[in-house]
Amino acid sequence: MQVDLIRHGATAGNLQKRYIGITDEDLCAQGIADLEKIKPFLQRRSLLIASPLIRCIRTAEILYPGQEIMICRDFRECDFGDFENHNYQELSGNPAYQNWIDSNGTACFPHGESPEAFKRRTVRAFAELIQHHPGHDLAIVAHGGTIMAILEKFAVPKKNYYDYQIPNAYGYKTEFQEKQLHILTKIMPESAINC
């Protein structure tokens, strides 16, 4: 089973290095231009799945025009709570933000979602998708955190969540076999390179 994992194109908030989780921003011009660069490296898959947020839906529409999009609510990005729509410069000096930094990103976001709860819902949604659609090749358009959580759980060799950080309009072509994701190729605006 082929599984393409693609991070949405950039938004204005992404370019400003803001924590854009549940904020429903559309793509910016640069985000759209970068998606056009990766489009030639993608193949149509039998199922196209996207997060419900507009930046993912628009990305899916650009990369796979005319294909029906299945929305997976649990592929939405983490709710960053009080950090939502702020960048590290604006949060500098905030004791709650420093606590989160000191926890190596494991503490709950104040008035938001815990990273562990986010990972659990994402991984569960991916496992259910695989279980309910055997024999289908998938293209998943989601968020950086969503892709990181899926790869941390299923990719081999095993790596840490943060080892899978990818920029906007990047992704991975993978193969799912025996409950594991094998990374075949990295998808990036510059070109497709083998991993």
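Readers should treat all values here as calculations from the given coordinates under stated rules, not as data from a laboratory. Owing to the predicted nature of the structure, the values given are computational and were not obtained by experimental measurement. Ideal geometry is used to build each Cβ from the backbone, glycine not excepted, and the neighbour counts take in all protein chains shown.
Please indicate, with yes or no, whether at least one residue in region 95-106 is hydroxyl-bearing (Ser, Thr, Tyr), over 18 Å from the mean Cα position of the chain (by Cα), buried (at least 16 other Cβ atoms within 10 Å of the Cβ) and more than 22 Å from Thr122 (Cβ to Cβ). Checking region 95-106: at least one residue is hydroxyl-bearing (Ser, Thr, Tyr), over 18 Å from the mean Cα position of the chain (by Cα), buried (at least 16 other Cβ atoms within 10 Å of the Cβ) and more than 22 Å from Thr122 (Cβ to Cβ). Set side by side, the residues Gly66, Gly81, Gly144, Gly112 differ, and just one is under 28 Å from Gln16 (Cα atoms), of a type outside the set (A, V, I, L, M, F, W, C) and either touching a strand residue (DSSP E or B) at 6+ places or on another chain (Cβ under 7 Å) or surrounded by fewer than 18 Cβ atoms within 10 Å (Cβ to Cβ) (or both), which is Gly144. Inspection of region 74-88 identifies no residue that is more than 26 Å from Ala117 (Cα to Cα) and either part of a helix (DSSP H, G or I) or not hydroxyl-bearing (Ser, Thr, Tyr) (or both). Of all the criteria given as (1) of a type outside the set (Ser, Thr, Tyr); (2) loosely packed, with under 15 Cβ neighbours inside 10 Å; (3) over 23 Å from Arg18 (Cα atoms), the one not satisfied by Ile130 is (2). The residue list Ala169, Ala139 contains one member that is touching a helix residue (DSSP H, G or I) at 6+ places or on another chain (Cβ under 6 Å) and hydrophobic (A, V, I, L, M, F, W, C), which is Ala169. Can you tell me which residues in region 20-42 are in a helix (DSSP H, G or I) and surrounded by fewer than 16 Cβ atoms within 10 Å (Cβ to Cβ)? Passing the criteria: Ala29, Ala33, Glu36, Lys37, Lys39, Pro40.
List pairs: first residue in region 168-191 and on the phi < 0 side of the Ramachandran plot and among the basic types (Lys, Arg), second residue in a strand (DSSP E or B) and surrounded by fewer than 21 Cβ atoms within 10 Å (Cβ to Cβ) anywhere in the structure, Cβ distance under 6 angstrom, at least six positions apart or on different chains. Partner pairs satisfying both residue conditions: Lys173/Leu184; Lys173/Thr185; Lys186/Ile193. For region 52-68: of the residues being in contact (Cβ under 8 Å) with a residue 60 or more places away in the chain and in a loop (DSSP other than H, G, I, E, B), which is nearest to Glu128 (Cα to Cα)? Of everything passing the filter in region 52-68, Leu53 is nearest to Glu128 (Cα to Cα).
In contact with an Asp or Glu (Cβ under 8 Å, 6 or more places away or on another chain) and part of a helix (DSSP H, G or I): is that true of Arg45 in this structure? Considered against the rule, which asks whether it is in contact with an Asp or Glu (Cβ under 8 Å, 6 or more places away or on another chain) and part of a helix (DSSP H, G or I), Arg45 comes out as no. The residues in region 144-167 that are touching a residue at least 40 places away in the same chain (Cβ under 8 Å) and among the charged types (D, E, K, R) can be counted, and the count is 0.
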